[in-house]
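Chemist: One structure, pasted below without further comment.
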Amino acid sequence: MNVQAKSLAFAKSYHFFSQVFSKALSTGMCAELSALGLSDGTGIPAPLNDKEEAAAMHYRIFGLETLPYENVFLDDKQLPEGQRLHRLQHFFQALDFSPKCVSEEPDHLATQLAFLSHLCGLENLSHQANDTDAICRYQKAISNFLQEHLLAWLPAYAYALREEGAEPHTQACLRFYQHITLFLLELASSQQREADNQDAALPLPTSPLQTIIERPECGLKDIATWFSTPSCSGFFIRRLDIQNIGRKLNLPTGLSHRGDMLEKLLLCAAEYGQIVSVFCELETLLRGGIDFYQSIPAAAPWLKRSKNNIRHMQHLILQANDTTSQTKPIKAQSTSQDTALPH
């Protein structure tokens, strides 16, 4: 396939996958996914073959549990609120793209895929016009966007789609969408490799949160913030993960934002002497991420961050065990000063 044909193929592929992640699957989309061999060998999951069930499952997976937004995964607490979105919008405007055509936020996966389809389409038109300068400009824009945006967070999002811990009727759907996401990740990575002739992965942002986990005053609220912030923890902890830990240990979590739920879980665990058990459950999720990232070159920064957090978690477990052996309960207040783990 020549370069011009490849640019058109990429444009069509990104457009199709943008639709897959922006709305519930239609009959036509299911047929195309099956034709592409993306039904994971088991066919389209039953809930996705029914219009109403597919819409409900789409909302549950993408609206409640996994949140496919760059800002969720790469939030580093350094940029002012909305600054990352502003940068994306500036990128879009500079290349004549309107995210309104997708009806999603600029950092949503569907919007980013639609933008890449737009760029690949412009590259294809430039090939047709033999406009060498335009070809180079669009190829560079595609490469930069893949490296700085899509490939920077897509590996961690793929891990967020893990089936473990989900209800049986949801597991097949998560497995299905994870299979599609991994295919998309390889598609984007192959385009990046062709552009740069290497697997280039930018490091995750370093934020002011980066040192709080190691400070003597680190408290349960800080720990909850850390492990509910993917760019700090190395993985995305879902509401269902927190609820499952709570059920397993008979601890309440409430229904709120992930960070608030995790904080409540930790506070109750500290109150009832189960903090070590919660830490061990979080360590299990970390190790699952490490296993998942091992075979994905673009996931190198997430793999490194997760490995670093194994060390942090083991340190927290040692501290908590020391506290238990000294029969000094960890206070259950939510401020850093009152919930600090003894050193």
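The values are calculated or read from the model by the stated rules, or taken from the named source; none is laboratory data. None of the values given here were measured: they were computed from a predicted structure. Note that each Cβ is placed from the backbone with ideal geometry, even for glycine, and that neighbours are counted across all protein chains shown. Note: accessible area is taken over every heavy atom of the protein model, side chains too, but ligands, DNA and RNA are not part of it. Shrake-Rupley method; radii C 1.70, N 1.55, O 1.52, S 1.80 Å.
Chemist: Within the range 31-44, can one find any residue that is of a type in the set (D, E), closer than 19 Å to P230 by Cβ and either modelled with pLDDT of 90 or more or not in a helix (DSSP H, G or I) (or both)?
Modeler: Taking every residue of the range 31-44 in turn, none turns out to be of a type in the set (D, E), closer than 19 Å to P230 by Cβ and either modelled with pLDDT of 90 or more or not in a helix (DSSP H, G or I) (or both).
Chemist: Only one residue in R175, R193 is within 17 Å of the chain's Cα centre (by Cα), modelled with pLDDT under 95, assigned to a helix (DSSP H, G or I) and surrounded by fewer than 20 Cβ atoms within 10 Å (Cβ to Cβ), so which one is that?
Modeler: Going through R175, R193 in turn, the sole match is R175.
Chemist: A further question follows. Looking at (1) open to solvent by less than 40 Å² (accessible area, probe 1.4 Å); (2) over 30 Å from T229 (Cα atoms); (3) at pLDDT below 90, which is the one condition that is false for F10?
Modeler: Condition (3) is where F10 drops out.
Chemist: From the list T181, T111, which one is closer than 26 Å to P301 by Cα, part of a helix (DSSP H, G or I) and free of Cβ contacts under 8 Å to residues at least 40 places away in the same chain?
Modeler: T181
Chemist: Would you confirm, using the coordinates I've provided, whether L187 is surrounded by 22 or more Cβ atoms within 10 Å (Cβ to Cβ) and within 30 Å of C232 (Cβ to Cβ)?
Modeler: So L187 does not fit the description; no.
Chemist: Still on this structure, I have one more. Cβ-Cβ distance below 6 Å, separation of 6 or more or different chains: which pairs start in the range 17-34 with a residue that is without any contact (Cβ under 8 Å) to a residue 40 or more places away in the chain and end on one that is open to solvent by 30 Å² or more (accessible area, probe 1.4 Å) and of a type in the set (G, A, S)?
Modeler: A24/A55
Chemist: For a quick check of your reading of the model, give me the residue pairs whose first member lies in the range 41-66 and is under 22 Å from F236 (Cβ atoms), whose second is in a loop (DSSP other than H, G, I, E, B) and open to solvent by 20 Å² or more (accessible area, probe 1.4 Å), with beta-carbon atoms closer than 7 Å and at least 6 apart or on different chains.
Modeler: If the second residue must be in a loop (DSSP other than H, G, I, E, B) and open to solvent by 20 Å² or more (accessible area, probe 1.4 Å), the pairs left are H58/K23; H58/A24.
Chemist: Something else now. Among the residues of the range 301-323, which ones are open to solvent by 50 Å² or more (accessible area, probe 1.4 Å) and of a type in the set (A, V, I, L, M)?
Modeler: The one that is open to solvent by 50 Å² or more (accessible area, probe 1.4 Å) and of a type in the set (A, V, I, L, M): L318.
Chemist: Residues to consider are A56, A110; find the one that is surrounded by fewer than 20 Cβ atoms within 10 Å (Cβ to Cβ) and of a type in the set (A, V, I, L, M, F, W, C).
Modeler: A56
Chemist: Mind counting the residues in the range 59-76 that are more than 9 Å from the chain's Cα centre (by Cα) and crowded, with 19+ Cβ neighbours inside 10 Å?
Modeler: Final tally of qualifying residues: 5.
Chemist: Just to be sure I understand the filter: pairs with C-beta atoms under 7 Å, separated by 6 or more residues or on different chains, first member in the range 127-146 and under 15 Å from Q4 (Cα atoms), second member among the small types (G, A, S). Which pairs pass?
Modeler: Hits for this filter: H127/S7; A134/S126; I135/S126; Y138/S126; Q139/A195; I142/A195.
Chemist: Another question, if that's okay. Would you pick out the residues in the range 100-118 that are among the small types (G, A, S) and either within 14 Å of H149 (Cα to Cα) or within 17 Å of the chain's Cα centre (by Cα) (or both)?
Modeler: A110, A114
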